[in-house]
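First the structure, in the form of structure tokens, and then the observations on it.
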Amino acid sequence: MHASASSNATRELEDVKVMEKEKTMHASRHATRELEDVKVHVKLKLAGLWASVMFMFVYVDVIGFYRPGVIKDILAGFMWKFEITQTVLVAGMALMTVPSLMVFLSLALPARANRWTNIVVASLFVPASIFNVIGEPGVFYFWGALIVELALLALAIRYAWTWPATESRSASVPITSAA
């Protein structure tokens, strides 16, 4: 009877091991994996926002070419009721140069200068974006793009304004003489 009880206990132990192995295999097949989430530095966020602003400006201009009469006006020397002159072209280039440079400056400037440059330039681009839509009644893509551009600029201001600060090491490390 002792041998039979021992063999039953051994079988039960083997059955438990098999069940545990099956549970582990089932759990591993149905386990949800946590996706790696890397903290993105504020400089990269700002550079991405400025690239997005620039793409929105370009996208709106390119889509605008499909409106009836726009190409005909350009070929006649007019753009949005303005005569196409060197001054108008330089002003347009200057306007588009700013977000292009901000992509680089957001990555290259030191934190303090970067923060204030982003706050000031994004704040100045808000009225510039609004000005670009004035006089475009009934063109819903212009207004939709304006909402996106303003949201991107607001995010740039927010990220720059809430730039994480670090404590200065010199303030927390006591100065000792090497004697």
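The values are calculated or read from the model by the stated rules, or taken from the named source; none is laboratory data. In this text the structure is predicted, and so the values were computed from the model without any measurement. Virtual Cβ from ideal backbone geometry, glycine too; neighbours counted across all protein chains shown. In case anyone asks, the SASA skips ligands and DNA or RNA and just uses the protein heavy atoms, side chains included. Shrake-Rupley method; radii C 1.70, N 1.55, O 1.52, S 1.80 Å.
For the chain, give the percent of accessible area contributed by carbon and sulfur heavy atoms, probe 1.4 Å, rounded to a whole number.
Working: 9230 of 13680 Å².
Answer for the chain: carbon and sulfur cover 67 percent of the accessible area.
Using a Förster radius of 45 Å, what is the FRET efficiency between PHE55 and ARG33 based on their Cβ-Cβ separation? Nearest 0.05, please.
On the way: r = 33 Å, r/R0 = 0.72.
Efficiency computed from Cβ-Cβ geometry: 0.85.
Helix-only mean residue ellipticity at 222 nm, the chain, DSSP H runs n ≥ 4 weighted -39,500 (n - 2.57), per residue, nearest 500. What is it?
Numbers: 7 runs with 130 residues, N = 179.
Only helices count here, giving -24500 deg cm²/dmol.
Using θ = phi - 60° and the Karplus relation 6.51 cos²θ - 1.76 cosθ + 1.60, list the HN-Hα couplings for region 121-130 in order, rounded to whole Hz, with x at every Gly or Pro.
5, 5, 5, 6, 6, 4, x, 5, 5, 5
Along the positive direction of the dipole of region 58-121 (beta-carbon charges: Lys, Arg +1; Asp, Glu -1; about the Cα centre), which of MET96, ALA108, TRP80 reaches farthest?
After comparing all options, I get ALA108.
Which FRET efficiency, nearest 0.05, do VAL40 and GLN86 yield, Cβ-Cβ r, R0 45 Å? Display every interim value, and only then the final one.
Details: r = 41 Å, r/R0 = 0.91.
So the FRET efficiency works out to roughly 0.65.
Once phi is turned into θ = phi - 60°, what whole-Hz ³J(HN,Hα) does the Karplus curve with 6.51, -1.76 and 1.60 give for every residue of region 6-16, x standing for Gly and Pro?
3J(HN,Hα) across region 6-16, in whole Hz: 5, 6, 5, 5, 5, 5, 4, 5, 5, 4, 5.
Report the longest stretch of the chain that contains none of the chymotrypsin sites (Phe, Trp or Tyr not before Pro) sitting in a DSSP loop with at most 10 other Cβ atoms within 10 Å.
Working: sites that count: PHE65, TYR66.
Longest run free of exposed loop sites: 67-179.
Just tell me the longest site-free run in the chain, where the sites are trypsin sites (Lys or Arg not before Pro) in a DSSP loop having at most 12 other beta-carbon atoms within 10 Å. Don't skip to the answer; put the middle values down first.
Details: sites that count: ARG33, LYS39, LYS81.
With trypsin sites (Lys or Arg not before Pro) excluded where exposed in loops, the chain gives 82-179 as its longest stretch.
What span do the alpha-carbon atoms of the chain cover on each of the three principal axes, reported in whole Å from largest to smallest?
Ordered largest first, the chain gives principal extents of 108, 71, 21 Å.
Just tell me the longest site-free run in the chain, where the sites are GluC sites (Glu not before Pro) in a DSSP loop having at most 14 other beta-carbon atoms within 10 Å.
On the way: sites that count: GLU34, GLU36, GLU167.
With a cap of 14 other Cβ atoms within 10 Å, the longest stretch comes to 37-166.
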